Amino acid sequence: MKRVVLRNWGFNGTLVANSLNTGNGTFQMNINGFAGLLVPGQPVTVYVADGTKFRYGFNSLTDVTANIRVVGLLIKDPTSGDSVILARYIDDMN
């Protein structure tokens, strides 16, 4: 193999109550629909960085509420083995 290409995917879901942590730029979400089969039965931690864009009603991490769409990379945390999303865009789906 000469190269690997990583592409952003969109994940629709709901914010897990009381999971928003502005101090370390994370929150958890339950993924709905077909993409939810990739990580069944568990919330996914979403990491927000300086390059993350907030769209369609959101302006910052503190605006994130109930129904959301996160576009980013779904990867596996090498330490815990859990799936995490590195967010590129966060959209308001309300």
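Odds and ends about this structure:
- Test for R88: is it of a type in the set (D, E, K, R), touching an Asp or Glu at 6+ places or on another chain (Cβ under 9 Å) and in contact (Cβ under 8 Å) with a residue 40 or more places away in the chain: no
- Flag if I75 is surrounded by fewer than 17 Cβ atoms within 10 Å (Cβ to Cβ), touching a Leu at 6+ places or on another chain (Cβ under 8 Å) and in a strand (DSSP E or B): yes
- Complete set of residues in the stretch 32-66 that are part of a strand (DSSP E or B) and exposed (fewer than 14 other Cβ atoms within 10 Å of the Cβ): K53, R55
- Hits in the stretch 78-91 (condition: at pLDDT 90 or above and part of a strand (DSSP E or B)): V84, I85, L86, A87, R88, Y89, I90, D91
- Hits in the stretch 24-52 (condition: modelled with pLDDT of 90 or more, within 15 Å of K76 (Cα to Cα) and β-branched (V, I, T)): V44, T45, V46
- Residue that is farthest from L74 (Cα to Cα), among those in the stretch 1-23 that are surrounded by 10 or more Cβ atoms within 10 Å (Cβ to Cβ) and small (G, A, S): S19
- Residue selection: R55 satisfies the criterion of being in contact with an Asp or Glu (Cβ under 7 Å, 6 or more places away or on another chain) and farther than 16 Å from V16 by Cα.
- Residues of the stretch 8-21 classified as over 13 Å from T45 (Cα atoms) and assigned to a loop (DSSP other than H, G, I, E, B), total: 1
- When each of N32, N21, N12 is tested for being among the polar types (S, T, N, Q) and closer than 16 Å to R88 by Cα, the lone residue that passes is N12.
The values are calculated or read from the model by the stated rules, or taken from the named source; none is laboratory data. If you're wondering where the values come from, they're calculated on a predicted model, not measured in any experiment. Positions of Cβ are generated from backbone atoms using ideal geometry, with glycine treated the same way; all protein chains shown enter the neighbour counts.
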